[in-house]
Structures are given as structure tokens and as C-alpha cells.
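Heads up, the thing below is written out as C-alpha cells.
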2 protein chains.
Amino acid sequence: MAKDKKLVEAITSMDVDFAQWYTDVVKKAELMDYSSVRGCMIFKPAGYALWENIQRELDRRFKETGVENVYMPMFIPESLLEVEKDHVEGFAPEVTWVTHGGMNELQERLCVRPTSETLFCDFYKNDIESYRDLPKLYNQWCSVVRWEKETRPFLRSREFLWQEGHTAHATTEEAEERTIQMLNLYADFVEEFLAIPVIRGQKTEKEKFAGAKDTYTIEALMHDGKALQSGTSHNFGDGFAKAFGIQYTDKDNQLKYVHQTSWGMTTRLIGALIMVHGDDSGLVLPPAVAPTQVMVIPVQQRKEGVMEACAALKDRLTTVCRAKLDDSDKSPGWKYSEQEMRGIPLRIELGPRDIAENHCVAVRRDTREKIVIALDEVETVLPQLLDQIQKDMFERAKAHRDSHIYDAHDYQEFCEIVNTKPGYIRGMWCGDRACEDKIKEETGATSRCMPFDDQEQISATCVCCGKPAKKLVYWGRAY
Amino acid sequence: MAKDKKLVEAITSMDVDFAQWYTDVVKKAELMDYSSVRGCMIFKPAGYALWENIQRELDRRFKETGVENVYMPMFIPESLLEVEKDHVEGFAPEVTWVTHGGMNELQERLCVRPTSETLFCDFYKNDIESYRDLPKLYNQWCSVVRWEKETRPFLRSREFLWQEGHTAHATTEEAEERTIQMLNLYADFVEEFLAIPVIRGQKTEKEKFAGAKDTYTIEALMHDGKALQSGTSHNFGDGFAKAFGIQYTDKDNQLKYVHQTSWGMTTRLIGALIMVHGDDSGLVLPPAVAPTQVMVIPVQQRKEGVMEACAALKDRLTTVCRAKLDDSDKSPGWKYSEQEMRGIPLRIELGPRDIAENHCVAVRRDTREKIVIALDEVETVLPQLLDQIQKDMFERAKAHRDSHIYDAHDYQEFCEIVNTKPGYIRGMWCGDRACEDKIKEETGATSRCMPFDDQEQISATCVCCGKPAKKLVYWGRAY
């Protein structure tokens with residue numbers, strides 16, 4: 001039994017040191033490894049399989065709204081990056097520069113894309129001529145590079161995987177509609193597929209994307225009470241179009257600038273999955289995204305007929321879910337502990353006595369509840385059980401999130417909460433950048449968003465300066 | 001009608017200038033565009049959709065053999081690239097170097113991966129301990145960069161998309177078996193999915209991959225008689241393992257070096273599709289890989305009931321194939337010409353008279369044959385027709401390939417053939433590098449492979465030097 005506990009003992013308890021718990025889980029669940037380039041990570045099979053499932057589902061949802069995939073080069077000439085002033089200011093400090101190709105120095109430096117607005121604009125400039133060419137609804141799946149100083153697996157790495165959508169529209173209304181449509185698509189995806197509740201809202205001027213007119217965000221709350229920006233959607237208005245000269249001839253024969261959007265989601269969603277659902281035994285994956293949903297584990301596997309019965313059960317299960325059989329020669333206890341560490345939503349224990357009684361025992365990863373299931377009913381019961389787990393995990397995360405939202409009516413109260421109660425702080429804001437700066441500097445909290453669905457006026461004055469308030473803001477420390 | 005012909009007239013005839021025809025087709029079929037970085041291309045939706053279909057099918061076949069996907073960083077530290085001597089010599093002349101991250105010069109230059117052997121080795125060194133960890137069957141989908149001087153859309157670009165598989169095994173036999181398994185998987189995929197016949201064989205020492213013990217290849221013949229290397233599979237033996245120190249403890253408790261393989265396929269397959277199947281009206285896509293398999297085109301679409309009947313037909317077709325309806329306000333002739341340019345395997349014409357007679361007219365892209373189909377039989381007839389097109393396209397390409405294989409018994413005959421008959425030349429070889437070099441320098445032909453399935457001894461002496469011959473080689477000019 002000592003050996004069986006090794007895996008769990010290898011990780012720090014989340015209540016003792018959440019950051020260390022996180023680092024332990026990503027390693028012990030074999031999601032990633034560190035590479036020889038500091039800040040760049042290796043996605044191991046279990047980690048990449050999560051990204052593949054996220055990709056497949058998001059891509060399906062994108063295409064349902066008319067989005068098409070393309071691929072732009074990974075290099076941006078320095079002069080192209082510099083065309084839009086705000087954009088280059090936002091990104092230049094953290095880009096990497098290619099200076100040599102083969103044996104020769106390049107005539108112009110190329111940066112490895114930190115994001116591809118400039119490449120899409122350069123392309124749209126030539127590709128769009130008439131209103132008939134609009135809208136353009138393009139997306140690409142790729143990796144981008146931002147040379148960050150502090151990094152953390154999945155949450156912030158120097159190279160990360162993402163999708164970036166870039167659209168061009170005839171009117172400002174259409175662009176705004178698409179911006180909101182994609183934000184809602186993101187929110188639905190994260191809630192339905194990852195079982196993570198999110199708050200939808202708008203970023204302040206300070207927090208918006210470099211070059212955007214408006215940035216919208218979905219914010220999730222991690223188990224430790226810190227926020228994680230989980231997806232953003234930007235309306236560029238015609239700012240980039242004017243900088244790059246992207247014009248089209250409208251029906252009225254007038255030359256007009258296009259209106260653009262962009263929107264992105266990254267591999268940090270994997271970090272969110274870990275930090276929202278995980279526990280002291282490791283990962284806990286929602287069934288929808290789990291690469292393996294059910295692990296069949298034989299009990300007394302050397303007894304006659306056990307392995308055969310387990311294999312037959314697994315074969316039946318693969319017709320209704322993603323099931324595997326652990327037929328290795330490890331002990332059942334060790335297998336349980338591995339299944340728990342990897343976050344597989346259900347395990348099925350099947351031994352001689354179960355076979356004799358014509359049932360199996362399902363154990364939920366999220367609640368550890370044991371459920372006895374008649375063997376001839378597994379094809380109907382298991383999928384229902386997986387659905388139930390998905391729903392329960394969302395409700396549990398939502399209850400946790402909702403119980404970590406606090407109201408602050410003045411600065412003293414704000415500071416008290418921020419230091420004692422991890423979570424979101426609802427606080428009114430005057431609209432001044434100075435207050436955001438002060439709050440960030442003195443408390444470490446940032447404005448997460450001005451929520452769409454919560455417009456309550458919880459006080460008349462700014463939680464920071466006491467002047468008349470304009471907007472409700474969700475504040476919090478964030479990853 | 002003048003306008004209807006515009007699309008076709010915009011491309012050069014393949015017999016007049018094959019290279020120009022190719023360039024015209026990739027542009028007019030909207031597969032790609034040029035980017036602001038010379039030699040780096042933009043994959044437009046029609047081009048990327050081909051890659052997505054290739055990816056989906058290849059990935060499925062990989063996973064059936066136990067392969068798992070991972071993702072390695074795109075950067076390789078200079079010192080890591082230099083660990084294996086032959087490898088760095090092969091790639092150093094064409095890599096790009098990142099020298100600055102953010103505002104600072106890097107302590108060590110990083111190259112953007114031209115291929116990832118060194119990264120996988122660096123990872124395996126730590127990840128593999130025991131025979132229980134073997135085999136490792138990893139693959140990644142990514143882009144790589146090789147700073148080539150001359151580039152061409154899809155065939156040779158400075159950045160291209162590919163997959164690279166990297167495996168590690170306990171024994172040399174297992175590694176060889178996997179190398180051949182993947183080569184056969186590639187060959188079957190290209191023949192079955194892309195309808196392109198290939199010749200499987202081994203590369204000579206001169207042509208093998210930098211650092212490999214043996215390189216195997218599949219070679220395809222383009223319409224103009226030039227060869228295209230379409231996929232390669234390498235057996236590294238324990239060369240990389242010794243350079244990087246990748247050892248495992250075997251069952252006998254001895255420390256042993258692993259044996260490795262790698263294998264890759266790239267977006268140049270799209271170039272192969274174009275150059276094997278295309279004609280003077282544009283692309284011709286095999287149904288299996290075609291993003292749209294059937295385009296429904298209304299005739300006299302303003303007449304009552306026509307558009308509704310076309311939409312209903314298209315809805316029925318989408319249950320059995322990838323069908324679309326062209327309901328734009330262009331003329332039918334223009335739509336036909338677009339469907340042809342884009343290589344959509346079948347178009348369905350449906351007008352008032354067809355509706356009255358309860359049939360529709362299918363027109364094959366590959367043969368232009370018109371087939372009248374009863375409307376209540378489309379769900380059964382169309383899939384059969386698509387299968388037939390797939391088979392016919394393969395047979396046609398195979399007949400073309402087989403009629404372009406010539407035997408040369410001495411150097412004079414070789415030179416005559418190479419200058420008058422584009423295609424493969426079968427010629428015996430003594431095994432000396434000098435003969436390969438001479439043939440390449442004087443004729444432009446290279447050794448494509450030593451074929452597996454053709455061991456005929458067509459003469460006793462080397463086609464170049466006249467000394468005793470060892471091996472039959474397929475020679476040819478290549479892309």
C-alpha cells in the first residue's frame with residue numbers, strides 16, 4: 001500500500017501551497033515538461049490531447065458561424081509591425097527578432113509573430129476590393145511568441161499555442177456584432193465544454209488590447225480565488241484599416257474603410273481546467289474535454305475470466321464513450337491513484353465477485369462516489385453518469401465562484417477584502433485611469449472587467465477616490 | 001459568354017509553360033497568396049482546407065498505429081543543434097537565427113526549428129529510463145523554417161507546415177520495422193486518399209537525411225515528368241542516442257542506447273495534387289481530399305421553384321457527401337468555370353426542365369462526362385460516382401506514370417532519354433557517389449530511390465561509369 005500512495009504523496013496539498021500544487025500536478029499528471037529554452041514548454045501527450053479536444057470543439061463552433069481557417073507566415077517584417085502605433089508600442093517590448101537567415105544577415109529584421117493583426121491587415125489590403133468580398137471571417141491555429149520575463153506552464157509561456165480570428169466587415173455595426181458573437185461563443189464553450197463559469201464584460205482603457213477600440217473578455221475564477229482572463233474579443237473599429245489602407249468599394253460606389261475584429265483563446269485554458277477543478281489527488285477533468293472518460297481497472301486480474309470480462313466491458317464502452325482498459329501489471333491501488341492523478345472522470349472496477357453478481361462498480365473522480373451498475377445497463381447508464389458529472393462540476397465551480405464575490409463600498413473596505421478574502425471584488429469606479437493604477441500598485445488587484453450581466457449600482461462613489469462613480473467593475477488579483 | 005471564359009483564359013496552358021500554369025492555378029484557384037516576407041506564403045481558405053483534410057486523415061492513420069501527438073518548442077539553442085555532427089552540417093546553412101528577445105540580446109542564439117530531432121532527443125534523454133518506457137511513438141504537427149534561396153508555392157517555401165514523427169525503440173529491429181511501417185502508411189495514404197501512385201524505395205547515401213542511417217522515400221511523378229519526393233521515413237540507428245546519451249535500463253539490467261526513427265510529410269503534398277491531377281481548366285481534386293465534393297448549380301435560377309429545388313437537393317446531398325449550393329447571382333457559365341478552376345469533383349446542374357423530368361445532370365470534373373441521375377436516386381448514385389472518380393483518377397495517374405518510365409543501359413542512352421523523355425529513368429548503379437555527382441551535374445537528374453518492388457537487373461554495368469552494377473536506381477529530374 002505504501003507504493004500505491006506514492007503518486008499522491010508526490011504532490012503538495014493545494015491548501016498548503018497552491019502554486020507548488022499546480023507545478024506538481026502539471027508534472028505528475030504528465031501534461032508537460034520543461035525544455036532547454038527557458039520559458040518554452042513541451043506539451044506531453046496528456047497535455048496535448050487536452051488541446052486537441054479543445055481545438056476540435058472550438059473549431060467546430062467557429063465553422064458553424066461561417067469562419068474559415070487560413071495560415072499566415074510566422075514572421076513579421078519590422079516595418080510592418082510598426083504601421084499601427086499603439087499596436088507596436090504594446091508588443092515591441094516582448095518580441096523576438098530574427099536577424100540571420102542561413103549564413104547571411106537579413107536586410108530587415110523579422111519578428112516572430114506575437115499576434116498577427118499586421119499580417120492579416122497586409123493581406124486584406126490586397127484581398128479586399130469590393131463590398132462583395134466582405135465579410136472576411138478568417139481564423140488560424142498556430143503558436144505565437146512573447147518574450148515574457150516570468151513564465152508558468154500553460155498560464156504564461158514564451159511560446160504558446162492559440163487560435164486567432166481576424167475578421168473584416170463593411171460596417172461598424174457588423175464588426176461590433178461579430179466581436180460580441182465570438183465573446184459569447186467563447187463563454188458558452190468554456191461553460192459547456194470545460195465546465196468553468198465565466199463573467200463576460202468589457203475591459204477598461206488601461207487593460208484593453210494594443211490597437212483595439214474595445215476589448216471584451218471572459219474571466220474565470222481559480223480555486224485559490226485569483227482570476228484568469230480566459231478569452232478576449234476585440235473590436236478595432238477602422239483604426240487598423242486606416243493605418244494599413246484597407247478600403248473597399250461599397251454598393252454606392254464610394255471607397256470606404258473596413259471595420260475589423262480579432263479574438264483569441266490559448267493553451268492557458270488548460271491551466272484554467274487544472275486550477276478550477278483539480279484537488280489534492282491531482283487533475284479532475286470534465287468528461288466533455290477528457291481524452292479518456294472511463295478507465296476500466298481489473299480487480300484480481302490474474303483470476304480466471306477477469307481480464308477477459310474487463311476487455312469485453314471496455315469494448316462495449318468504447319461504443320458510447322472514450323474508454324480504456326488498464327491491463328498493466330501494476331496493483332489496483334496504484335492504478336486508482338494514476339487514474340485520479342490524470343483526472344479521468346470515471347473508473348470502473350471489475351473483479352471476480354462483481355462478475356459473479358453481474359455488475360461493476362463505477363467511481364466518480366469528482367466526488368469519489370461509488371455506484372454499482374448492472375453489467376447489461378452500462379451502455380445507457382455510463383453516458384448519463386458522464387453528463388451528470390459534467391453538470392455537477394460546472395455547478396460546483398459556479399457555487400465556489402459565487403461564494404467568492406465580495407462588495408467593497410470604499411477604499412478601506414477594498415483593501416481589507418483584497419488581503420483577507422481571495423476572489424472578485426465588486427466596486428464602483430469613476431472611470432479614471434489613476435484609480436486603476438493606484439489600486440494595482442497598492443493592492444495588486446486589477447480591473448478584470450465591467451460586466452455585461454451585472455449593472456448594479458452598489459454605491460454612488462468610486463471605491464478608490466470617492467468621486468462620483470460611473471461603472472461597476474469586477475476587481476481581483478489575476479494570473 | 002465572354003465573361004464566363006475569363007477565369008480559364010487567365011491561366012497559361014500546361015503544355016505551353018508548365019511552371020507558369022502551376023503559378024496561375026495556385027493563384028486563380030485561390031489556394032495561396034504571397035506574403036511580405038519573400039519565400040513565405042499565405043494559405044488561403046481553399047488551400048488550408050486541403051491541408052486540414054490531409055491532416056485529419058493522416059492523423060487518424062497515425063493514431064491507429066499507437067502514435068501520440070505532442071508539441072515541442074519552435075526554438076533550438078545553437079549548442080543543442082550542434083550535438084549531432086552530420087545533422088548540424090546538413091541544416092546549419094539554411095536555418096534562421098533569433099538573436100534578440102524583447103529589448104535584450106540573447107546569451108545564446110536560438111534557431112527556428114528546421115526539424116526537431118535535437119529537441120526530441122533532448123527530451124527523450126530525460127524521459128526514458130527503463131524498457132518499460134519504450135517504445136515512444138510521438139508526432140507533432142507544426143511549421144518549420146528553412147531559409148531556401150529559391151522558393152515556389154507549396155513545393156518549397158521558407159516556412160512550411162508538416163508533421164514530424166519521432167520514435168524511440170529498444171532494438172534496432174523495432175526501429176527498422178517502424179521506419180518501414182510509416183513509409184508504407186505514407187504510400188497507402190497518398191495512393192488511396194490523394195489518388196497519386198508512388199514508388200517506394202531507399203535513398204542513396206548522398207540523398208539521405210542529415211544524421212540518418214537509412215532514409216526511405218515515396219516518389220511521385222508529376223504531369224510534366226518531373227519527380228516529387230512526397231514523404232520520407234528515416235532510421236537513425238543509435239547515432240543520435242549516442243550523441244545525446246539516450247539510454248534505458250533493459251530487462252537484463254544493462255544500460256543500452258535506444259534506436260530512433262523520424263518521418264515527415266509536408267504541405268508540398270498540395271503541390272503534388274495540383275501537378276498530378278490538374279488540367280488547363282485548373283485544379284482537379286480527388287473526391288477523398290476535396291473540401292467540397294459536389295457543387296449544385298441552379299440553371300435559370302430566377303424561374304419559380306428552381307432555387308428551392310436546388311437547396312432541397314443540396315440538403316439531401318450533405319447527408320452523404322460534402323455538398324454546397326452556388327446561389328450567387330453569377331451566370332451558370334461563370335459558376336461552371338469557377339467550379340472547374342477550384343477542382344470540385346462533381347457539379348450538379350438543375351433547371352426547370354430537369355425538375356419537370358425529375359432528374360438532375362451531374363458533370364464529372366475529371367472527364368467532363370455528363371450523367372443524368374434520377375432525383376430520387378441521388379443519395380445512392382452520388383457516393384458511388386465519387387468513389388468511381390477517385391479510382392479513375394488513380395488509374396489515370398498510374399497509367400501516365402507507367403508510360404513515363406524508361407530504361408537506360410549506358411550513359412549515352414541515359415543522356416538521350418533525360419533530354420527528350422521527361423519521366424523516370426531506370427538505370428543500374430555501381431554504388432559510387434562519383435557517378436551520382438556526375439549524373440546530377442551533367443544532366444540535372446538525381447537518384448530518386450532504389451525501389452523496393454522492382455529489383456530487376458536491367459544490365460550488368462553502371463549506367464554512368466560502366467563498372468559492375470550493384471543496384472537498380474530510379475533517376476529523374478525532380479522538384
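Brief remarks on what is shown
- Residue check, B:R401 in contact with a Pro (Cβ under 7 Å, 6 or more places away or on another chain) and under 20 Å from B:K203 (Cβ atoms): yes
- Strands (runs of 3 or more DSSP E) within the range A:235-351 that include 2 or more residues farther than 30 Å from A:D86 by Cα: A:294-298, A:323-325, A:346-350
- Of the residues making up the range B:94-122, those that are of a type in the set (A, V, I, L, M, F, W, C), outside any loop (DSSP other than H, G, I, E, B) and more than 19 Å from B:G66 (Cβ to Cβ) are B:W97, B:V98, B:L106, B:L110, B:C111, B:V112, B:L119, B:C121.
- Selection within the range A:58-67 - within 11 Å of chain B (Cβ to nearest Cβ) and among the β-branched types (V, I, T): A:V67
- Set side by side, the residues B:F123, B:F154 differ, and just one is surrounded by 23 or more Cβ atoms within 10 Å (Cβ to Cβ) and in contact with an Asp or Glu (Cβ under 7 Å, 6 or more places away or on another chain), which is B:F123.
- Residue that is nearest to the chain's Cα centre (by Cα) [pool: residues in the range B:128-138 that are part of a strand (DSSP E or B) and either surrounded by fewer than 16 Cβ atoms within 10 Å (Cβ to Cβ) or among the hydroxyl-bearing types (S, T, Y) (or both)]: B:Y138
- Residue selected from the range A:422-436 under the condition out of contact with any Asp or Glu (no Cβ under 9 Å at 6 or more places or on another chain) and not in a loop (DSSP other than H, G, I, E, B), by the criterion surrounded by the fewest Cβ atoms within 10 Å (Cβ to Cβ): A:A434
- Qualifying residues in the range B:68-82 (those that are in a helix (DSSP H, G or I) and either more than 7 Å from chain A (Cβ to nearest Cβ) or in contact with a Cys (Cβ under 6 Å, 6 or more places away or on another chain) (or both)) - the one nearest to A:P114 (Cα to Cα): B:E78
- Tabulated pairs, the range B:33-57, first more than 9 Å from every other protein chain (Cβ to nearest Cβ), second in a helix (DSSP H, G or I), C-beta under 8 angstrom, 6+ apart or interchain: B:L50/B:I270; B:L50/B:L273; B:I54/B:F193; B:I54/B:L269; B:I54/B:I270; B:E57/B:F189; B:E57/B:F193
- Index of the failed condition, B:H87 passing every other in (1) buried (at least 20 other Cβ atoms within 10 Å of the Cβ); (2) within 7 Å of another protein chain (Cβ to nearest Cβ); (3) out of contact with any strand residue (DSSP E or B) (no Cβ under 9 Å at 6 or more places or on another chain): (2)
- Restricting attention to the range A:94-108 and to residues that are farther than 21 Å from A:A212 by Cα and surrounded by 19 or more Cβ atoms within 10 Å (Cβ to Cβ), the residue that is farthest from the other protein chains (Cβ to nearest Cβ) turns out to be A:L106.
- Selection status of A:K125, in contact with a helix residue (DSSP H, G or I) (Cβ under 9 Å, 6 or more places away or on another chain), modelled with pLDDT of 95 or more, part of a helix (DSSP H, G or I) and more than 7 Å from chain B (Cβ to nearest Cβ): yes
- Breaking point among (1) touching a Lys or Arg at 6+ places or on another chain (Cβ under 7 Å); (2) more than 24 Å from B:A272 (Cβ to Cβ); (3) among the polar types (S, T, N, Q), for B:T151: (2)
- Within the range A:19-32, restricting attention to residues that are assigned to a helix (DSSP H, G or I) and in contact (Cβ under 8 Å) with a residue 60 or more places away in the chain, the residue that is farthest from the other protein chains (Cβ to nearest Cβ) is A:W21.
- Subset of the range A:144-169 (residues that are among the basic types (K, R), more than 10 Å from chain B (Cβ to nearest Cβ) and touching a Pro at 6+ places or on another chain (Cβ under 9 Å)): none
- Among (1) touching a residue at least 12 places away in the same chain (Cβ under 8 Å); (2) assigned to a helix (DSSP H, G or I); (3) under 13 Å from B:G165 (Cα atoms); (4) within 11 Å of another protein chain (Cβ to nearest Cβ), the one test that B:W141 misses: (2)
The values are calculated or read from the model by the stated rules, or taken from the named source; none is laboratory data. For clarity, every value in this text was computed on a predicted model and none was experimentally measured. All Cβ positions, even for glycine, are placed from backbone atoms using ideal geometry, and neighbour counts span all protein chains on display.
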